[in-house]
Amino acid sequence: MLLSEDRKALLTTVGYGTWSEQDEILDHEARIKLVAGGERAGKSFLGALSIISRLDEFESGDICWLVARDYETDIVFEGLT
């Protein structure tokens, strides 16, 4: 898993940042995390960051899913692809 400092440097490079509350969730050791928040609170973005933070753990051919009840993928992944 990327260290917090490495994640922040990567995000800064591509023009994104995180809130302290998001950092707390991303840095927590729990394998499964439940996140609740209001509209436009950054929940799907946080999920995408969680996946990106663990890219070093994936092997060739692995598949990863970001699942949510509903969301517009063009908003969530704009600039990340």
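Before moving on, here are some points about what is shown:
- Evaluating residue 21 against the criteria (1) farther than 17 Å from residue 66 by Cβ; (2) touching a helix residue (DSSP H, G or I) at 6+ places or on another chain (Cβ under 8 Å); (3) in a helix (DSSP H, G or I) leaves one unmet condition, (2).
- Residue among 40, 31, 7 that is touching a residue at least 40 places away in the same chain (Cβ under 8 Å) and either under 15 Å from residue 66 (Cβ atoms) or charged (D, E, K, R) (or both): 7
- Leading residue by the ranking (modelled with the highest pLDDT) among those in region 5-22 that are surrounded by 12 or more Cβ atoms within 10 Å (Cβ to Cβ) and farther than 16 Å from residue 51 by Cβ: 21
The values are calculated or read from the model by the stated rules, or taken from the named source; none is laboratory data. For clarity, every value in this text was computed on a predicted model and none was experimentally measured. A quick note on method: Cβ atoms are made from the backbone with ideal geometry, for glycine too, and the neighbour counts reach across all protein chains shown.
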